[in-house]
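Please read the structure below before turning to the comments.
Coordinate-derived values only; no laboratory data. Computed from a predicted structure; not experimentally measured. As a convention, Cβ positions derive from the backbone with ideal geometry for all residues, glycine included, and neighbour counts pool all protein chains shown.
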């Protein structure tokens, strides 16, 4: 069964609105073993919607559409579908009464334009909408002698999710397709091409398997997919994951929904250890990421944004002679900051970050992107210097990602 998702809405082609409905539908399709081979966004244009539907009807068994079911003149999904598949619409008094009742409950008169939402496809399933005024539809039509199932949902995510649970998911279960399972293995500290190069023997072993590499902010994701019963698929994915861990070792920091801050948080909690931060160029971003994790108060005791020379001296106890000799952006100052944070908050670990995030402030000796990071503990102080590229926001994020990873590695290698 080939499937496609179509999101209708001119606003989705701009910069202000993101199509999240297709992600929800894709996840559900994967759970029932239905791979998605086309995802499209079309404007509120009847010809554009008709063209997309005509293309999909040629070789797609299942088409899921969202949006364009509202009461206004630019809500054209039903009109376009009627044209594309050659069906008629008619006003349903029962649906109209339900819409009128929704307005009455709110003490409002239903505008005449809402009658558009009561137009249905006779002979096809009308899906009630308990969370809104626009019903959805499930049409089963023939195209060139082949059956096509077309589902139409409102674009409001809350309404869509209610219809999925009540109607689409039970229907997918009846199709009795094998389930599809995914494992995402996350690597940090490597480029996408570097990961791909190391994966060559893995690719050769699993030729034909749906293995995908995706570059994401601060990490490279390796997506593994296995079809079949959960027990069989899980065993296969576990075996593949272990092979990846043998290839990448400590470069793998997590799987699936893990992010660096949650992984570090779990390690600190399990070890009953604590951390404090001292940040200059990252301006509190490291503390913010650590505290994005619920329960972080158990291991994060505090942080200092020591942006000025004076704050480094008086809040962290950095020796002014060290700043005078080496400058605020230096290995020596990063070490002093990490140790100062650890002392001030009496924590197991202290992290210090100082650098030049740009786009101004760089020099020939210390260009923009120069970052010094240190992690202090009772075992000593580890330091790393990095020359990062990209805009200011990216340099700040990567600095915190590296700092968290340094802390993670210290904990995983400690006895």
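Side notes on the structure shown:
- Listed from fewest to most Cβ neighbours within 10 Å, the set 216, 269 follows the order 216, 269.
- The eigenvalues of the Cα gyration tensor, multiplied by 5 and square-rooted, give segment 139-231 an equivalent ellipsoid with semi-axes of 36, 19, 14 Å from largest to smallest.
- Angle of helix 392-413 to the longest C-alpha principal axis of the chain, folded into 0 to 90 degrees and rounded to 10: 70°.
- Taking N as its residue count, the alpha carbon Rg of segment 180-255 over 2.2 N^0.38 Å: 1.04
- Angle in degrees between helix 93-105 and the longest Cα principal axis of the chain, rounded to the nearest 10: 50 degrees
- Of interest is the spacing of the C-alpha centroids, which for segment 141-155 and segment 261-298 amounts to 50 Å.
- Stretched out straight at 0.36 nm per residue, the stretch from residue 126 to residue 106 would grow longer than its current Cα-Cα span by 4.8 nm.
- Relative to the dominant Cα principal axis of the chain, helix 21-31 is inclined by about 90°.
- Ascending count of other beta-carbon atoms within 10 Å, so fewest first, for 324, 61: 324, 61
- For the chain, a Gaussian network of Cα nodes joined below 10 Å ranks 321, 374, 403 by mean-square fluctuation, and the top entry is 321.
- As a length-normalised measure over Cα pairs under 8 Å and 6 or more apart, the relative contact order of the chain settles at 10 percent.
- Note on residue 191 and residue 321: the extension gain reaches 43.0 nm, defined as 0.36 nm multiplied by sequence separation minus the Cα-Cα distance.
- Here the Debye sum runs over all C-alpha atoms of segment 166-213 as equal scatterers in vacuum, and log10 of I(q)/I(0) at q = 0.13, 0.28, 0.29 Å⁻¹ comes out as -0.53, -1.16, -1.19.
- A helix-only calculation puts the chain at -12000 deg cm²/dmol for mean residue ellipticity at 222 nm, using -39500 (n - 2.57) for each DSSP H run of at least four residues, averaged over all residues.
- Gain in span if fully extended, residue 13 to residue 87, counting 0.36 nm per residue against the direct Cα distance: 23.8 nm
- Cα centroid of segment 317-379 to Cα centroid of segment 113-130, whole Å: 64 Å
- Anisotropy class assigned to segment 3-174 is rounded, per the alpha carbon gyration tensor with a/c under the 1.5 cut-off.
- Equivalent ellipsoid, the chain (semi-axes from 5 times Cα gyration tensor eigenvalues, Å): 53, 26, 19
- Translational diffusion of segment 292-415 was estimated from the Stokes-Einstein equation, with Rh taken as the Kirkwood radius over Cα pairs; at 37 °C and 0.692 mPa s the coefficient is 220 µm²/s.
- Percentage relative contact order, segment 116-211, counting C-alpha pairs under 8 Å, at least six apart: 16 percent
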